[in-house]
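Novice: Before anything else, here's the structure in question.
The values are calculated or read from the model by the stated rules, or taken from the named source; none is laboratory data. What you are looking at is a predicted structure, and each value in this text was computed from that prediction instead of being measured. No Cβ is skipped: glycine too gets one built from the backbone with ideal geometry, and neighbour counts run over all protein chains shown. Ligands, DNA and RNA are stripped out before the accessible areas are found, and what is left, the full protein with its side chains, is counted by its heavy atoms. Shrake-Rupley method; radii C 1.70, N 1.55, O 1.52, S 1.80 Å.
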Amino acid sequence: MQIEALSVAGAFVVTPRQFPDDRGVFLESFRGDRLAEFLGHRPDIVQTNVSVSSRGTVRGIHYADVPPGQGKYVTALTGSLVDYVVDIRVGSPTFGRWEAVTLDAVDRRAVYLSEGLGHAFCALEDGTTAMYLCTATYNPSGEHGIHPLDPELGLTLPDGITPILSARDDAAPSLAEATTSGLLPTDAGCAAWARTLAQRAN
């Protein structure tokens, strides 16, 4: 398993080693101990989510209040998607920056997003099944969103995609509006929470 840091601090792409034979393929899809080497603590996975999306579906940009936030480990079980990590931490040197990683059922990569980062994805095929391992359970009062088509952010969707958004995501504020609202996590607050998680692990 290879783990590489993305340009947005606290986000990583994980490429598993696959073992094919005449029966199929075997791989380790998640290793909390390996991620701990990069995070300073082992992710405490307490909820698993699965979504099935048609081509063009865009989910997000979603984020949660910190603390506790919600770290996510995202993989594509079937189909393919473009996964977006968005730095929405006020005060971060990469605030407003995003990075995209293609996840599919061929390379079987995964993306890990630490608490406080924004997350979205765009399905490239009908029936794309995404699985999220989450470090916190869903908390409606602490969940927020930013419009994924906000021109200030400028997420680049794949060619030929007509985006399909939920009513909730289509009504989400822009990054500027979310910043003004005071609901965005701060870089300092996320760093403090990461230190707390590391202390709990020791």
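Novice: Of the numbered conditions (1) over 18 Å from THR57 (Cα atoms); (2) open to solvent by 20 Å² or more (accessible area, probe 1.4 Å); (3) hydrophobic (A, V, I, L, M, F, W, C), ALA100 satisfies every one except a single condition; which is it?
Specialist: (1)
Novice: Taking ALA194 as the residue in question, decide whether it is in a loop (DSSP other than H, G, I, E, B), in contact (Cβ under 8 Å) with a residue 24 or more places away in the chain, surrounded by 15 or more Cβ atoms within 10 Å (Cβ to Cβ) and within 18 Å of the chain's Cα centre (by Cα). Lay out the reasoning, then the answer.
Specialist: Values: in a loop (DSSP other than H, G, I, E, B): no; in contact (Cβ under 8 Å) with a residue 24 or more places away in the chain: yes; surrounded by 15 or more Cβ atoms within 10 Å (Cβ to Cβ): yes; within 18 Å of the chain's Cα centre (by Cα): yes.
When the stated conditions are applied, ALA194 does not pass them.
Novice: A further question follows. For the stretch 166-181, does any single residue satisfy the condition of being at pLDDT below 95, more than 28 Å from ALA5 (Cβ to Cβ) and either surrounded by 15 or more Cβ atoms within 10 Å (Cβ to Cβ) or of a type outside the set (Val, Ile, Thr) (or both)? Explain how you work it out, then say what you get.
Specialist: If we filter the stretch 166-181 for residues that are at pLDDT below 95, which is where we start, we get 181.
Filter once more, keeping what is more than 28 Å from ALA5 (Cβ to Cβ): 181.
Imposing the further condition that a residue be either surrounded by 15 or more Cβ atoms within 10 Å (Cβ to Cβ) or of a type outside the set (Val, Ile, Thr) (or both) reduces the set to 181.
Yes, the stretch 166-181 contains at least one residue that is at pLDDT below 95, more than 28 Å from ALA5 (Cβ to Cβ) and either surrounded by 15 or more Cβ atoms within 10 Å (Cβ to Cβ) or of a type outside the set (Val, Ile, Thr) (or both).
Novice: Something else about it: Can you go through VAL58, VAL50, VAL46 and tell me which one is closer than 24 Å to LEU124 by Cα, open to solvent by 40 Å² or more (accessible area, probe 1.4 Å) and modelled with pLDDT of 95 or more? Show your work before the answer.
Specialist: On the way: VAL58 fails: open to solvent by 40 Å² or more (accessible area, probe 1.4 Å); VAL46 fails: closer than 24 Å to LEU124 by Cα.
Being closer than 24 Å to LEU124 by Cα, open to solvent by 40 Å² or more (accessible area, probe 1.4 Å) and modelled with pLDDT of 95 or more holds for just one of VAL58, VAL50, VAL46, which is VAL50.
Novice: A follow-up question, please. Does at least one position in the stretch 8-22 carry a residue that is closer than 26 Å to THR196 by Cβ and among the acidic types (Asp, Glu)?
Specialist: Step one: list which residues in the stretch 8-22 are closer than 26 Å to THR196 by Cβ, which gives 8-14.
The next check asks that each one be among the acidic types (Asp, Glu); those that pass are none.
No, the stretch 8-22 has no match at all.
Novice: Among the residues of the stretch 172-189, how many are more than 13 Å from LEU153 (Cα to Cα), not in a loop (DSSP other than H, G, I, E, B) and not small (Gly, Ala, Ser)? Let's see the steps before the verdict.
Specialist: Taking the stretch 172-189 first, the residues more than 13 Å from LEU153 (Cα to Cα) are 172, 180-189.
Narrowing further to those that are not in a loop (DSSP other than H, G, I, E, B): 180-181, 186-189.
Imposing the further condition that a residue be not small (Gly, Ala, Ser) reduces the set to 180, 186-187.
Looking only at that region, the number is 3.
Novice: Which of the following residues is open to solvent by 60 Å² or more (accessible area, probe 1.4 Å), among the hydrophobic types (A, V, I, L, M, F, W, C) and not in a strand (DSSP E or B): LEU149, LEU157? Spell out how you get there, then give the answer.
Specialist: Values: LEU157 fails: open to solvent by 60 Å² or more (accessible area, probe 1.4 Å).
When all the criteria are applied, what remains is LEU149.
Novice: Now for a separate question. Name the residues in the stretch 96-127 that are in contact with a helix residue (DSSP H, G or I) (Cβ under 7 Å, 6 or more places away or on another chain) and not hydroxyl-bearing (Ser, Thr, Tyr), would you?
Specialist: Selection gives GLY96, GLU115, GLY116.
Novice: Give me the pairs, please: first residue somewhere in the stretch 18-29 and in a strand (DSSP E or B), second residue anywhere and loosely packed, with under 10 Cβ neighbours inside 10 Å, beta-carbon distance under 6 Å, and either six or more positions apart or on two chains.
Specialist: none
Novice: Can you name the number of the only condition in (1) open to solvent by 20 Å² or more (accessible area, probe 1.4 Å); (2) in contact with a strand residue (DSSP E or B) (Cβ under 8 Å, 6 or more places away or on another chain); (3) farther than 18 Å from VAL58 by Cα that GLY142 fails?
Specialist: Checking GLY142 against (1) open to solvent by 20 Å² or more (accessible area, probe 1.4 Å); (2) in contact with a strand residue (DSSP E or B) (Cβ under 8 Å, 6 or more places away or on another chain); (3) farther than 18 Å from VAL58 by Cα, the one that fails is (1).
Novice: Any residue at all in the stretch 69-83 that's of a type outside the set (Val, Ile, Thr), at pLDDT 95 or above, touching a helix residue (DSSP H, G or I) at 6+ places or on another chain (Cβ under 6 Å) and surrounded by fewer than 17 Cβ atoms within 10 Å (Cβ to Cβ)? Break it down stepwise before answering.
Specialist: Keep residues of the stretch 69-83 that are of a type outside the set (Val, Ile, Thr), which gives 69-73, 76-77, 79-81, 83.
From what is left, the residues that are at pLDDT 95 or above are 69-73, 76-77, 79-81, 83.
When the remaining residues are screened for being touching a helix residue (DSSP H, G or I) at 6+ places or on another chain (Cβ under 6 Å), the result is none.
No, every residue in the stretch 69-83 fails to be of a type outside the set (Val, Ile, Thr), at pLDDT 95 or above, touching a helix residue (DSSP H, G or I) at 6+ places or on another chain (Cβ under 6 Å) and surrounded by fewer than 17 Cβ atoms within 10 Å (Cβ to Cβ).
Novice: List the residue pairs whose Cβ atoms are under 6 Å apart, where the first residue sits in the stretch 174-187 and is on the phi < 0 side of the Ramachandran plot, the second is in a helix (DSSP H, G or I) and open to solvent by less than 60 Å² (accessible area, probe 1.4 Å), and the two are 6 or more positions apart or on different chains.
Specialist: As it stands, the answer is LEU184/ALA178, since those pairs meet every condition given.
Novice: Something else now. Does the stretch 152-159 contain at least one residue that is more than 14 Å from VAL66 (Cβ to Cβ) and in contact with a Lys or Arg (Cβ under 8 Å, 6 or more places away or on another chain)?
Specialist: Going through the stretch 152-159, the residues more than 14 Å from VAL66 (Cβ to Cβ) turn out to be 152-159.
When the remaining residues are screened for being in contact with a Lys or Arg (Cβ under 8 Å, 6 or more places away or on another chain), the result is none.
No, every residue in the stretch 152-159 fails to be more than 14 Å from VAL66 (Cβ to Cβ) and in contact with a Lys or Arg (Cβ under 8 Å, 6 or more places away or on another chain).
Novice: Out of the residues in the stretch 1-17 that are of a type in the set (Gly, Ala, Ser) and not in a strand (DSSP E or B), state the one that is surrounded by the most Cβ atoms within 10 Å (Cβ to Cβ).
Specialist: Taking the stretch 1-17 as the starting set, the residues that turn out to be of a type in the set (Gly, Ala, Ser) are 5, 7, 9-11.
Next, from what is left, pick out any that are not in a strand (DSSP E or B): 7, 9-10.
Details: SER7: 11, ALA9: 17, GLY10: 24.
By that ranking, first place goes to GLY10.
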